[in-house]
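Shown next, in C-alpha cells, is the structure this report addresses.
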Amino acid sequence: MSAYKTIWKKEFKDALRDKRSVLAAMSYAFFGPMLMAVAFFFLISQLTDPSDVKISIEGKQYAPELVEHLRENGIVERETDWPAEVTPIELSIPENWAEAIASATPIAVTLRADWSAQKQQTDVKRVEQALQAYSAQIANYRLILRGIDPRVIQPVQVAKQDMATRGSKAAIIMGSVLVFILLSVFWSGMNVAIDISAGERERNSLEFLLSQPVSSQAIVIGKVLAASCFALFGAMLSLILIPVIFSFVPLHQIGMSVDFSLEMLLIMFLALVPLALLATSLQLFVSFRAKSFKEAQTYISFLLIIPMAASFGVEFARLKTPLLYYLPLTGQHQTFLSLIRGEAVNWLGTGVSAVFTLLVAVLLTYLIGRMLKSEKTVFGL
Amino acid sequence: MIEVKSISKSFKTVNALSELTFAARDGEITGLLGPNGAGKTTCLRIIYGLLRADSGEALIERVDANKYPLKARSNLGIFPDKFGLYERLTVREQIRYFGELHGLKGGTLEKNVQSVIERLDIATLADRKSAGFSQGQRMKVALAQALVHDPKHLILDEPSRGLDVMSTRILRDILREQRAAGTCILFSSHVMQEVAALCDRVVVMAGGKVAAEGTPDELCQLTGETALEDAFVKIIGSDEGIAA
C-alpha cells in the first residue's frame, strides 16, 4: 500500500475515535438546519396571518349567500365592539339585494374603512378581494346563463407574481441555506485538520512521523484526504438533513417551493468535493504553522471569516458578475443558486470553478509538503 | 555503519556544529556524550535527515542522509528527542502504522509487529490505547516503533531520560540484544553511568565539535583519571550540564 493511503487510513481511524472531532463534524450539520428551520417557521407565521378578519356587517339578513362566501374567505361578523382607537371596517348590504340580484341590476354595497391605517390594510384588502371575487362569480353565472363564454370579458389575464417583501425575505433565507451548505465543508473538517497538524506537533509525534522514510508530500496528501473525508461527511449530513427538515416547514404558505431532488443533492455533493479539499488544505496550511492546538484554533476561526464573508457578501450584495461562476467557492455558490431556483446551470462555469478549486487545493498541498521539509517550520526555528 | 564527515551546521548566529566527524560501527554501541547544548540532538537530526547540514556528509551505509533522506531513513530505526504516542490508537495499531510506513505489508508486517511486541515484553499492553501509560511503558512503545522494521541502525536521542531504574535496565538489555544481532547503535546521553555501562565507544562532544573519542577505558587513560566522569570533565573543560 502506498504511504499516503496508510496515513489516510490511520488519520481517519484516529479522528473517528476522537469524540470532539466527530461531534464537531456532526453538530454543525444537525443544529444548523434546525436553527434555520426555526427561523423559517417564525418568518412564515409572521407573513401569513391565518386568523379571520372580523368586520361589522350591516344587513346581512338580505344576502346570506354573500355572508357565507365571506365566511369561507375568512371574513366574519364581529361579535365584540371595536376598540376606541381603531376605525371600524363596516360593510352594509342594502335591503334590495335579492331583488337586484334577481333582476341583474348593479347593487351598491358600501365598505367603510380607513384606507390609510397601516395595520388594517391587509384586512381591508382581503374584504375587497372577497367582494370582487363574489361579484366576478355572479357575473360568470349570468354570462353562462345567457350563452356567452365568460372569458370574452377577460381579454387580458394578469398573472401576478409577488416579488415584494415576503418573496425577497424568503430568498434571503434560502440563500443562507445555500451558504450554510457551502460552509459545511469548512466547519466539519476543521477540528480534524487542527488535530492532525498542530495537534500532532503539540503531542510531539510530528518529529517521529517526519523521520520515517516517507515523503512529506505523501504525509500531507494522506492528512488532507483524512480531513476532507470529515468535511464531506459533514456536507453529506447537511445535504441529507436540510431537505428532511425543510419538508416540515410550510414553505408553500409563502408561495415558495423548494424541491430538493436526489439529482440536485448529488450534483451539490459532487460540487463540494473539490471545495472540501480546498478547505482542508487551507486549514492544514494555516495550522501546520501554529505551535499548539489553541493557536491553530485562533488562526482558523479567522480563516473561517473569509468564506463566510465571501458567500454572504455575494448573497446580500446581489453581486452579479460572470467572474463569480469561475472562481472557487463563488462558483459552487452560483451553481447551487441556479439549482435551487430551477434555472439552467452554467455547466462551463461549474466545471471551471471545480478545476480551479482543485488546482488551488493541490497547490496548497504541495506548499505544505515543502513547508514540512523546511526545518524552520518543523522545529519552529 | 554510520559515518559523520566534517558536518557543520549553524542556526542564524548560533554555530551548532563545526566540522564534526566520527563513525559508529556495526555491532557496537556508540555513545554520543556531551553537556546540554553540545549539539547532540542537532547531530542526530542531521543523520536522520530532518535537518540539513550546511556542509559535510552524514552517511548511513554510504547513503548521504542530506541527499537521499528517504533511502537513508529506510535503514534507520529512530528514537527521537520527542516521542509522542497516538493516544487514541492501540499499541499494536501504532507499531503496525510505522511498520507500514516502512513499506512492510501483509504477513511480514504482522509477523514483525508480533515479534517486536514479544521482544519488548509488551504483549499485555499491545491492545490497549496508550493514553495514561507510564514513562517506562511509553519508552517501550516508542522503541517498538523504532524496531518494527528490523533496522540495521538504531539512533536514540537520550532514551533513558525520565526512566526509573527498572525501565533503564530493560532499555539496556534491549540495546545489548540489538548489538548482539549486529545492529549499529548510536545514542546520545549526558548520563555518565549509562554511557560507562553500555558503550563500546564514546564520542565526547562539546561546543559542536568532537572533544575526544575512544572506549571508556581509553578516555580514562587519556586523561589520567580513573572514573569516566572525571575524564569527561577534564575533556570538556568544565562540569557544566552533566548528570552523574
Problem set entry | Filtered residue count, segment B:53-71, keeping only those that are assigned to a loop (DSSP other than H, G, I, E, B), in contact (Cβ under 8 Å) with a residue 40 or more places away in the chain and under 18 Å from the mean Cα position of the chain (by Cα) | 1
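Picking from B:F133, B:F83, which residue would you name as being of a type in the set (F, W, Y), at pLDDT below 95 and under 18 Å from the mean Cα position of the chain (by Cα)?
After applying the criteria, what remains is B:F83.
Residues are listed down the side, and each one gets a yes or a no for (1) in contact with a helix residue (DSSP H, G or I) (Cβ under 6 Å, 6 or more places away or on another chain); (2) under 17 Å from A:D52 (Cα atoms); (3) in contact (Cβ under 8 Å) with a residue 40 or more places away in the chain:
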{"residue": "A:V76", "(1), (2), (3)": "no, yes, no"}
{"residue": "A:D81", "(1), (2), (3)": "no, yes, no"}
{"residue": "A:E85", "(1), (2), (3)": "no, no, no"}
{"residue": "A:P106", "(1), (2), (3)": "no, no, no"}
{"residue": "A:R112", "(1), (2), (3)": "no, no, no"}
{"residue": "A:A133", "(1), (2), (3)": "no, no, yes"}
{"residue": "A:A136", "(1), (2), (3)": "no, no, no"}
{"residue": "A:R146", "(1), (2), (3)": "no, no, no"}
{"residue": "A:V152", "(1), (2), (3)": "no, no, no"}
Problem set entry | Single match in B:L171, B:L222, B:L175 (criterion: assigned to a helix (DSSP H, G or I) and more than 23 Å from A:S211 (Cβ to Cβ)) | B:L222
Exercise. Would segment A:322-330 turn up any residue that is at pLDDT below 90, in the same structural domain as A:R203 (by TED's automatic domain parsing) and under 16 Å from the mean Cα position of the chain (by Cα)?
Worked result: yes
Exercise. Quick one: in segment A:304-330, which of the residues that are part of a helix (DSSP H, G or I) and in contact (Cβ under 8 Å) with a residue 40 or more places away in the chain is surrounded by the fewest Cβ atoms within 10 Å (Cβ to Cβ)?
Worked result: A:F316
Exercise. Among all residue pairs at least 6 apart or on different chains, which show Cβ distances below 6 Å where the first residue, located in segment A:199-214, is touching a residue at least 60 places away in the same chain (Cβ under 8 Å) and more than 7 Å from chain B (Cβ to nearest Cβ) and the second is surrounded by fewer than 21 Cβ atoms within 10 Å (Cβ to Cβ) and not aliphatic (A, V, I, L, M)?
Worked result: A:G199/A:F293; A:E202/A:S292; A:E202/A:F293
For this session: Look at B:I46 and say whether it is among the β-branched types (V, I, T), touching a strand residue (DSSP E or B) at 6+ places or on another chain (Cβ under 8 Å) and within 12 Å of chain A (Cβ to nearest Cβ).
Result: yes
Problem set entry | Residue satisfying all of: in segment A:18-29; more than 9 Å from chain B (Cβ to nearest Cβ) and out of contact with any Leu (no Cβ under 7 Å at 6 or more places or on another chain); surrounded by the fewest Cβ atoms within 10 Å (Cβ to Cβ) among these | A:K19
Exercise. Which residue pairs have Cβ atoms closer than 6 Å, lie 6 or more positions apart in sequence or on different chains, and pair a first residue in segment A:2-17 that is at the interface with chain B (Cβ under 9 Å from one of its Cβ atoms) and among the small types (G, A, S) with a second residue that is outside any helix (DSSP H, G or I) and crowded, with 23+ Cβ neighbours inside 10 Å?
Worked result: A:A3/A:V214
Exercise. Just checking, which of A:V152, A:V156 is in a helix (DSSP H, G or I), farther than 24 Å from A:H252 by Cα and at pLDDT below 85?
Worked result: A:V152
Exercise. Out of (1) loosely packed, with under 13 Cβ neighbours inside 10 Å; (2) part of a helix (DSSP H, G or I), the odd one out for A:T377 is which?
Worked result: (1)
Exercise. If you take the residues of segment A:71-100 that are in contact with a Phe, Trp or Tyr (Cβ under 8 Å, 6 or more places away or on another chain) and within 21 Å of A:W115 (Cβ to Cβ), which of them is surrounded by the fewest Cβ atoms within 10 Å (Cβ to Cβ)?
Worked result: A:P88
For this session: Kindly provide the set of residues from segment B:6-43 that are assigned to a strand (DSSP E or B), within 14 Å of another protein chain (Cβ to nearest Cβ) and hydroxyl-bearing (S, T, Y), ordered by number.
Result: B:S10
Seminar exercise, completed: Among the residues of segment A:215-251, the number that are within 14 Å of chain B (Cβ to nearest Cβ) and under 34 Å from the mean Cα position of the chain (by Cα) is 4
Exercise. Can you tell me how many residues in segment B:104-125 are surrounded by fewer than 19 Cβ atoms within 10 Å (Cβ to Cβ) and farther than 26 Å from B:A72 by Cβ?
Worked result: 7
For this session: Could you tell me whether segment A:347-365 includes any residue that is in a loop (DSSP other than H, G, I, E, B) and more than 24 Å from A:N191 (Cβ to Cβ)?
Result: no
Problem set entry | Answer from A:S51, A:S56 - the residue that is closer than 30 Å to A:A136 by Cβ and free of Cβ contacts under 8 Å to residues at least 24 places away in the same chain | A:S51
For this session: Go through the residues of segment B:161-177 one by one and say whether even a single one is within 14 Å of chain A (Cβ to nearest Cβ) and surrounded by fewer than 21 Cβ atoms within 10 Å (Cβ to Cβ).
Result: yes
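Does segment B:78-86 contain any residue that is within 8 Å of chain A (Cβ to nearest Cβ), outside any loop (DSSP other than H, G, I, E, B) and either acidic (D, E) or closer than 24 Å to B:N112 by Cβ (or both)? Before you say what the answer is, go through the steps one by one.
Going residue by residue through segment B:78-86, those that are within 8 Å of chain A (Cβ to nearest Cβ) are B:78, B:80-86.
Among the residues that remain, those that are also outside any loop (DSSP other than H, G, I, E, B) are: B:78.
Restricting the remaining residues to those that are either acidic (D, E) or closer than 24 Å to B:N112 by Cβ (or both) gives B:78.
Yes: one or more hits.
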Exercise. Do we have B:R119 as within 11 Å of another protein chain (Cβ to nearest Cβ) and touching a residue at least 12 places away in the same chain (Cβ under 8 Å) here?
Worked result: no
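The values are calculated or read from the model by the stated rules, or taken from the named source; none is laboratory data. The model shown is predicted, which means the values in this text are computed figures rather than measured ones. As a convention, Cβ positions derive from the backbone with ideal geometry for all residues, glycine included, and neighbour counts pool all protein chains shown.
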